[in-house]
Amino acid sequence: MSPWIPVALIVALLVALALAAAPADAATYRIDDSASLPRESTALLGWRSAVPSRYGDDTLQGTIGVALRLDVGAWRGNAGRIYLVLPEQTTAGVRLAWRTQGRLLPGQATPGQRVLVFAGSIATPYLEDRLELDIETGGGDFPGTQPLNFHFEIDVD
Amino acid sequence: MSKSLFKSLGHVALAAVLAAPIGANAESSFQTGAGALSTSARVDFQITIPRFLSLRVGTAGAPVDLVSFDVPAANVGNATPVAGTGGDLGAGSVTASVLGNGGNVTLQATTGGPIGNGSAGAINWSQITTASSNPSLPAPVLANGASAGVAVAAASGVVNQTATWSYSYANTDVIESGTYGGVNTNNSRVTYTASLP
Amino acid sequence: MQGRMQKTKAAAGIAAGVILLACALSAQAYTINLSPRSPRTIYLQVGVGAFTGGTYNQGGSPAVNGTINVVSVTVPAAQVGNGTAQAMTTNSTASISLLDNYAFCNLPGQLYVGGFYRSTSSSAGSATATLVASVPANLTNAGGQTLPFSQVRWTSSGNGDSGAQPFPAGAFPAGGTVTIGTIRRNQWAESCHAYSYLNSSVPAAGTYTGRVTYTLSAP
């Protein structure tokens, strides 16, 4: 077999992937946030109130910072809306709120919600901001470490 | 361009921070930790019981009972005891009770002297005998003046005894006819006293 | 050669499309692990208690107070052993709830009994913390005479409360333990206990004393 065939195969793969990532029409795409830091994170949650009330107060809360880096190069030059998506979680009753340094919009979400964090023209290959995530959840039945998953999507016009 | 568009972030779970237990026994106290927890608080209880003593002979309250003896003429001085009449229980008997919490009680009976008739006649108090229905509450032996003391034993520091005291006239002497004693006259009254050390 | 290249290109394009589809289906989210930091905590206060930094509502924290309060009564001489219950009083100054600074108990007739239980655990047996009193058989005077602890009982209430008390009315046993009540997980519970001496018998004169230990436990 010609040595050029495997090379051609690789080139074809790369071209195909590039074409697939480029928006052709209005659509929703998942955004790559894998460049965000920290790459590994654990939020330690403490009681919102060290002492409970007479009627039961079991809210756990914690804060964690994320240096967010969204790879939006594929939509550069386009207008779009970016959303933080908080899917249904294994942890019941979780509430997420975030503060930013201004590049993205602050907001809050409960599981199942999709909240707008950016609207406008994508002018740079990466969208970066510092998110301070305030997390609350019910602590009355919290058996050990639980994951909290969220991601970002873009609606491109 | 990464070979993979979506790359998950790895994660490391950290153990929960645990605090060593502190403060286990006081009047407010707390304990923290991961396992079983226990903390205590203490309260002292104090009950003060004052010392008291009560004595009853006859009717409770103010009235002083009268016990009378009517000797038949044919029996005067024949040594046949004559039963009394009167008293709160009748038939020359009275209720006697002692209640106290200060240990053993001493009972004593005091009279003013022989029972008189208003002239020269007199009957010694030794002629009036007292029988008790309760050996734990013996009656003092009546005498002209103060009787000997009688001990009423306490149990666990408490005396709580009741008896029926029944009076008789011994009738061993031939006495001049007349009415001896009366209602608080002619040395007719016996005063019983209960005391604690 | 050219035909073979064209077939190769077509195959590569199809393969790339398949790979792309596979990548889209395997996309994963940003994950944060949530881990409870706070350990389990129990707090018990019988009589005077202590919080540092103010009450709970003021941001205070539980503390240790070593003052042992006294609940006492002197029976009038004329009533000793007459069966009329004698109300007892306490030298505790705790009328205010350390939860919210509310005037919860009335002094000197009521002793504050309260606490809280914090836990994230849902393991079996940890739904409540239990308050138990350990009681000696008797109170004792200097002469060694005794008065059974079963002569002491209490009612339970709290200013502003309605419904059942977490630490309801009861009586001490003549020795042993008695359950005073329970605290649910992540709850503050409190009651005011008013004690009385039954006075159903005549004891020897003297001052009788005894100590009760209240223990709050979470398995």
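Figures for the structure shown
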{"item": "All positions within segment B:24-38 that are assigned to a loop (DSSP other than H, G, I, E, B) and more than 7 Å from chain C (Cβ to nearest Cβ)", "result": "B:ALA24, B:GLY35"}
{"item": "Selection within segment B:149-171 - surrounded by 14 or more Cβ atoms within 10 Å (Cβ to Cβ) and either of a type in the set (Ser, Thr, Tyr) or within 22 Å of B:LEU66 (Cβ to Cβ) (or both)", "result": "B:THR162, B:ALA163, B:THR164, B:TRP165, B:SER166, B:TYR167, B:SER168, B:TYR169, B:ALA170, B:ASN171"}
{"item": "Check on B:ALA109, within 15 Å of B:VAL57 (Cα to Cα), among the small types (Gly, Ala, Ser) and touching a residue at least 40 places away in the same chain (Cβ under 8 Å)", "result": "yes"}
{"item": "Answer from A:SER49, A:SER41 - the residue that is within 30 Å of B:ALA34 (Cβ to Cβ), hydroxyl-bearing (Ser, Thr, Tyr) and touching an Asp or Glu at 6+ places or on another chain (Cβ under 9 Å)", "result": "A:SER49"}
{"item": "Count of residues meeting criterion [more than 9 Å from every other protein chain (Cβ to nearest Cβ), charged (D, E, K, R) and either buried (at least 19 other Cβ atoms within 10 Å of the Cβ) or under 17 Å from A:ARG30 (Cβ atoms) (or both)] in segment A:47-75", "result": "1"}
{"item": "Index of the failed condition, A:LEU105 passing every other in (1) buried (at least 20 other Cβ atoms within 10 Å of the Cβ); (2) free of Cβ contacts under 8 Å to residues at least 24 places away in the same chain", "result": "(1)"}
{"item": "Residue in segment C:91-103 that is on the phi > 0 side of the Ramachandran plot, assigned to a loop (DSSP other than H, G, I, E, B), within 14 Å of chain A (Cβ to nearest Cβ) and modelled with pLDDT under 80 present", "result": "yes"}
{"item": "Those residues of segment C:161-198 which are facing chain B (nearest Cβ under 9 Å) and touching a residue at least 60 places away in the same chain (Cβ under 8 Å), in sequence order", "result": "C:TYR195, C:TYR197"}
{"item": "Meets criteria (in contact with a strand residue (DSSP E or B) (Cβ under 6 Å, 6 or more places away or on another chain), closer than 18 Å to C:THR90 by Cβ and of a type in the set (A, V, I, L, M)) for C:LEU147", "result": "no"}
{"item": "Close pairs from segment B:145-164: first under 11 Å from B:ASN101 (Cα atoms) and of a type in the set (S, T, N, Q), partner part of a strand (DSSP E or B) and at pLDDT 95 or above, Cβ under 7 Å, at least 6 apart", "result": "B:ASN160/B:LEU99"}
{"item": "Evaluation of B:GLY118 against (1) on the phi < 0 side of the Ramachandran plot; (2) modelled with pLDDT under 95 (one fails), failing number", "result": "(1)"}
{"item": "Residue list for segment B:54-85, filter: on the phi > 0 side of the Ramachandran plot and surrounded by 12 or more Cβ atoms within 10 Å (Cβ to Cβ)", "result": "B:GLY58"}
{"item": "Strands (runs of 3 or more DSSP E) within segment B:128-194 that include 1 or more residues closer than 24 Å to B:ASN78 by Cβ", "result": "B:128-132, B:159-169"}
{"item": "Residue list for segment C:109-131, filter: more than 21 Å from C:VAL73 (Cβ to Cβ) and assigned to a strand (DSSP E or B)", "result": "C:GLY114, C:GLY115, C:PHE116, C:TYR117, C:ARG118, C:THR128, C:ALA129, C:THR130, C:LEU131"}
{"item": "Count of residues meeting criterion [more than 19 Å from A:THR59 (Cα to Cα) and not aromatic (Phe, Trp, Tyr)] in segment A:89-129", "result": "25"}
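Here's the yes/no breakdown for (1) away from chain C (no Cβ under 14 Å); (2) assigned to a strand (DSSP E or B); (3) in contact (Cβ under 8 Å) with a residue 60 or more places away in the chain; (4) in contact with a helix residue (DSSP H, G or I) (Cβ under 7 Å, 6 or more places away or on another chain):
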| position | (1), (2), (3), (4) |
| --- | --- |
| B:SER40 | no, yes, no, no |
| B:THR48 | no, yes, no, no |
| B:ARG56 | yes, yes, no, no |
| B:VAL64 | yes, no, yes, no |
| B:VAL71 | yes, no, yes, no |
| B:VAL98 | no, yes, yes, no |
| B:GLY103 | no, no, yes, no |
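The values are calculated or read from the model by the stated rules, or taken from the named source; none is laboratory data. Note that the coordinates shown come from a computational prediction; the quantities given were computed from them, not determined experimentally. As a convention, Cβ positions derive from the backbone with ideal geometry for all residues, glycine included, and neighbour counts pool all protein chains shown.
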